[in-house]
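One structure is given here, and the rest of the page talks about it.
No value in this document is a laboratory result; all are computed from the given coordinates. Values in this document were obtained by computation on a predicted structure and should not be read as measured data. Positions of Cβ are backbone-derived with ideal geometry, glycine not excepted, and every protein chain shown enters the neighbour counts.
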Amino acid sequence: MICSRSNQHKLVKDFVLTSPAPVYFASTLSRHFRAESSRDKEYSKDHISAAQECEVMAKDFITVVCAEDSETVLNSKDYKDVAFLDYLLDCEQKGCVSHPFVQQYVTDIW
């Protein structure tokens, strides 16, 4: 964590970018780091910083991926058969859920 933070989270960014589903992976890591921050008080600030960085990356990926077809991306299912939009809500990814593309999609379906 300290090594990653001192390099502007380059290690975390590289890890996410090499994953097969970067937007899903960034959301998962953000959720994990937030949970870990409440367990490990010594490195709480580092975990929160990494969680915020992952959420920003996920939001940036949503900007790129949802520009053409947000419905396909947000309805895609993971290995547990959960839609990506539902997963974002479960992970409490407020930055991602408040993204204009996501909000437009939600408005369209409601």
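Descriptive notes on the structure:
- Residue match in the range 79-90 (condition: hydroxyl-bearing (S, T, Y) and in contact (Cβ under 8 Å) with a residue 24 or more places away in the chain): yes
- Here N75 clears all of (1) in contact with a strand residue (DSSP E or B) (Cβ under 8 Å, 6 or more places away or on another chain); (2) crowded, with 18+ Cβ neighbours inside 10 Å except the condition numbered (2).
- The residues in the range 91-110 that are without any contact (Cβ under 8 Å) to a residue 40 or more places away in the chain and among the hydrophobic types (A, V, I, L, M, F, W, C) can be counted, and the count is 5.
- Filtered residues of the range 63-85 (kept if in contact with a Ser or Thr (Cβ under 8 Å, 6 or more places away or on another chain) and part of a helix (DSSP H, G or I)): F84
- When we screen T18, T28, T72 for residues that are in contact (Cβ under 8 Å) with a residue 12 or more places away in the chain and of a type in the set (S, T, N, Q), the only hit is T28.
- Lone unmet requirement of (1) surrounded by fewer than 20 Cβ atoms within 10 Å (Cβ to Cβ); (2) under 26 Å from E36 (Cα atoms) for V64: (2)
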